[in-house]
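One structure is given here, and the rest of the page talks about it.
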Amino acid sequence: PGEARAGSIAENNLRKRAKAVRDGGLKVDELKAMVSGMEMSEETAQIYARFAAIWVTPIQQALADVGSEVTYVFGSKVPSQTADRLKVLPLLFKGHLFELSAALTSADKQATLREIDEMTETVDEFNSLVKPIGI
């Protein structure tokens with residue numbers, strides 16, 4: 001009984017982290033709308049960087065949490081290829097964060113939008129990987 005309850009708690013915590021990724025994906029979409037809708041200047045790039053730090057950066061940790069715990073929590077429900085990919089996604093996302101930061105530092109609107117699109121692709125891939133698991 002205690003083990004089943006612990007599994008239930010772990011599953012719920014993992015589902016919360018997965019939801020944080022999905023919710024963060026919506027914030028990535030909002031950031032894209034903001035960047036798309038305005039001219040890029042050093043000042044607006046600094047504003048976007050603040051939004052990214054608050055809205056987008058936490059996605060990387062949520063991805064890492066799910067990637068490191070999914071096999072432990074859900075066991076054989078997780079195919080090994082899925083588990084391996086879920087471990088890689090946080091690293092990809094971290095790279096996108098660095099590239100987004102560089103694009104914003106140089107106030108490069110096209111590079112900023114490209115990195116935002118890559119972040120969206122990573123979140124979308126995450127969602128497609130965890131859906132069959134039931135997260």
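General remarks:
- One chain, two ends: V88 and S101. Fully extended at 0.36 nm per residue, the span grows by 2.6 nm beyond their Cα-Cα distance.
- Summed over the residues of the chain and divided among them, the accessible surface reaches 57 Å² per residue at a probe radius of 1.4 Å.
- Simple point charges give the picture: +1 on the Cβ of Lys and Arg, -1 on the Cβ of Asp and Glu, and for the chain a dipole about the Cα centre of about 620 debye.
- Percent carbon-and-sulfur accessible area, region 30-135, ignoring ligands, DNA and RNA, probe 1.4 Å: 55 percent
- Counting charges near V56 (Lys, Arg +1; Asp, Glu -1) among other residues having Cβ under 15 Å from its Cβ returns a value of -3.
- Local net charge near G95, Cβ-Cβ under 11 Å (Lys/Arg +1, Asp/Glu -1): -2
- With Cα atoms, 0 to 90° folded angle of helix 57-74 axis to the chain main axis: 20 degrees
- Over all directions, the projected convex hull of the C-alpha atoms in the chain averages 7.7 nm² in area.
- Positive-pole candidate from I9, S41, V56, dipole of region 1-83, charges at beta carbon: I9
- Cα-based Rg and Dmax for region 22-68, where Dmax is the largest Cα-Cα distance (Å): 12.2, 39
- Degrees between helix 42-55 axis and first principal axis of the chain (Cα, 0 to 90, nearest 10): 10 degrees
- Estimated 222 nm signal from helices in the chain, with DSSP H stretches of n ≥ 4 weighted -39500 (n - 2.57), rounded to 500: -30000 deg cm²/dmol
- Gaussian network model of the chain, Cα within-10 Å springs - most flexible of A62, A111, A52: A111
The values are calculated or read from the model by the stated rules, or taken from the named source; none is laboratory data. It should be emphasised that the depicted structure is a prediction, and the values quoted were computed from it without experimental measurement. Every residue, glycine among them, receives a Cβ derived from its backbone with ideal geometry; neighbour counts consider all protein chains shown. Ligands, DNA and RNA are excluded from the accessible area calculation, which covers all protein heavy atoms including side chains. Shrake-Rupley method; radii C 1.70, N 1.55, O 1.52, S 1.80 Å.
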